[in-house]
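Worksheet: the structure to be examined is printed underneath.
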Amino acid sequence: MERAFHEALRRGLAAFRLDVPPEALPLLERYADRLLAWNRKVNLTRITAPEEVAEKHLVDSLLLLPAIASARTLLDVGAGAGLPGVPLACVRRDLAVTCCDSVAKKVAFVKAVAAELGVDVRALAVRAGGDPERERLPRADAVVSRALADPAAWVPLGAAYLAEGGVLLAMLGRDADRPRLEELGRASGLALEGLETFELPLSRSARAIARWRRR
């Protein structure tokens, strides 16, 4: 991987003071390398510049690390190419991750890259519809989706997969409306626990992470 990738990753991790062990860095690089290699034949991502992969895929995913500090299991709904689940598993080797997506070729990539990296990631080809038992999806300590950016759709769906005491996470853009997020949580029996906003250091893209727990 070229120098621009390493510099973007270094700057992003430093900007947010993310605690990433040195042994995780080769795994993150290998994941990015395989993502771009597969992407030449299979449509996995529109982001193909290495420095953008580092910032908008890896750093963006790892912004969740503080929010899942106490989690031992994570469900990534609509995971696509394994984002954010696979990068989180690269850093948190004690984290058991389940990725689900309805697109078989994306699930095939996640299975292949997880096996190559030796991380604890299970990938299932299923569309999450709010019925974990029927779908054979776990109830997890942390539940997240990058694909479902609309909180009105995501909060009631994601709440169905929460384990007791678990945290529901939403990855949002600039327009994060706290009163609306609180209202959506209440409707699903959740309390908004936090709303953090960020700006990625290279692209200046706005990010926000909302967290809910059972009331």
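The values are calculated or read from the model by the stated rules, or taken from the named source; none is laboratory data. In this text the structure is predicted, and so the values were computed from the model without any measurement. We place every Cβ from the backbone using ideal geometry, glycine too, and count neighbours over all the protein chains shown. When the accessible area is computed, the model is the full protein with side chains, heavy atoms only, and any ligands, DNA or RNA have been set aside. Shrake-Rupley method; radii C 1.70, N 1.55, O 1.52, S 1.80 Å.
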Would you kindly derive the ³J(HN,Hα) couplings of segment 87-95 from the backbone phi angles with the Karplus curve 6.51 cos²θ - 1.76 cosθ + 1.60 (θ = phi - 60°), listing them in order in whole Hz, with x for Gly and Pro?
x, 5, 5, 5, 8, 9, 5, 8, 8
Other residues with Cβ under 10 Å from the Cβ of Val167 give, with Lys and Arg +1 and Asp and Glu -1, a net charge of +1
What Kirkwood radius, in Å to one decimal, follows from the Cα pairs of the chain?
17.2 Å
Pop out the carbon and sulfur fraction of the accessible area of segment 1-58 as a percent, whole number, probe 1.4 Å.
46 percent
Here segment 43-56 yields Karplus 3J(HN,Hα) values (6.51, -1.76, 1.60; θ = phi - 60°; whole Hz; Gly and Pro given as x) of 6, 10, 8, 8, 8, 10, 5, x, 5, 6, 4, 4, 7, 7
In this structure, the FRET efficiency calculated for Glu183 and Asp19 from their beta-carbon separation, with R0 = 45 Å, to the nearest 0.05, is 0.85
In segment 1-129, taking the dipole from +1 charges on Lys and Arg beta carbons and -1 charges on Asp and Glu beta carbons about the Cα centre, the listed residue (Ala123, Ala89, Leu25) farthest towards the positive end is Ala123
Using the Kirkwood radius built from alpha carbon pairs, what does the Stokes-Einstein equation give as D for segment 108-180 at 20 °C and 1.002 mPa s, in µm² per second?
155 µm²/s
What is the percent carbon and sulfur in the accessible area of segment 59-215, measuring with a 1.4 Å probe over the protein chains and ignoring ligands?
47 percent
List the trypsin sites (Lys or Arg not before Pro) in segment 125-180 that DSSP assigns to loop (not H, G, I, E or B) and whose Cβ has at most 16 other Cβ atoms within 10 Å. Which are they?
Arg127, Arg136, Arg139, Arg174
Those trypsin sites (Lys or Arg not before Pro) in segment 1-63 that DSSP places in a loop and that have at most 13 other beta carbons within 10 Å
Arg17, Arg40, Lys41, Arg46
Taking the solvent-accessible surface of protein heavy atoms with a 1.4 Å probe, what is the per residue accessible area of the chain in Å²?
46 Å²
Roughly how big is the chain's charge dipole about its Cα centre, with Cβ charges of +1 (Lys, Arg) and -1 (Asp, Glu), in debye to the nearest 20?
300 debye
When the charge dipole of the chain is computed with +1 at the Cβ of Lys and Arg and -1 at the Cβ of Asp and Glu, the Cα pointing farthest to the positive end, of Gly185, Val110, Pro66, is that of Val110
Here, GluC sites (Glu not before Pro) of segment 159-215 satisfying both criteria (DSSP loop; at most 11 other Cβ within 10 Å) are none
To the nearest 10 degrees, the tilt of helix 104-117 (Cα long axis) against the first principal axis of the alpha carbons of the chain is 60 degrees
